[in-house]
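Read the structure below first, then the notes.
The values are calculated or read from the model by the stated rules, or taken from the named source; none is laboratory data. Computed from a predicted model, the values in this text were never measured in an experiment. As a convention, Cβ positions derive from the backbone with ideal geometry for all residues, glycine included, and neighbour counts pool all protein chains shown. Side chains included, ligands, DNA and RNA excluded: accessible areas come from the protein's heavy atoms. Shrake-Rupley method; radii C 1.70, N 1.55, O 1.52, S 1.80 Å.
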Amino acid sequence: QVQLVESGGGLVQPGGSLRLSCAASGSIFRFYGMGWYRQGPGEQRELVEGITSGGSTRYADSVKGRFTISRDNAKNTVYLQMNGLKPEDTAVYYCSAGTNGSSDYWGQGTQVTVSS
């Protein structure tokens, strides 16, 4: 069982930055692929960025060049650095963990609101 706790969300003006963190329980964090998803009002949950246990990343075209995922296996934590935020980035952001490309575990989500 893996427990995930997100933090770092909040209200930011367009063009601003936030860094989300996701702390995971368990000693086998380094074996899990991790992902950041988001769900805007009335929208389906979508993948923002993912990172494998080996450090390979993938991302949605909408965040290319603006968002960066990283992981610190010593701290059991995955991060999402978000720069150049836009109003359309407003959503609840969720952290996920899983193996073989699946998302087996989810955090509770953290709200990101981009507004002037």
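Here are the numbers for the structure shown:
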read-out	value
Choice from S17, S27, S70 with maximal GNM fluctuation in the chain (Cα, 10 Å cutoff)	S27
Theoretical gain in end-to-end length, Q3 to T68 [0.36 nm per residue, Cα-Cα removed]	21.2 nm
Per residue value of the accessible surface for the chain (all protein chains in place, 1.4 Å probe), Å²	52 Å²
Dipole magnitude of the stretch 16-65 about its Cα centre (Cβ charges: Lys, Arg +1; Asp, Glu -1), debye to nearest 20	160 debye
The chain, accessible surface, carbon-and-sulfur percent (1.4 angstrom probe)	45 percent
Calculated FRET efficiency for the pair N83/L47, C-beta based, R₀ 22 Å, to 0.05	0.75
Placed amide H near V48: partners under 5 Å, 5+ positions off or other chain	W36, Y37, R38
Longest exposed-site-free window of the chain, the sites being trypsin sites (Lys or Arg not before Pro) in a DSSP loop that have at most 13 other C-beta atoms within 10 Å	1-63
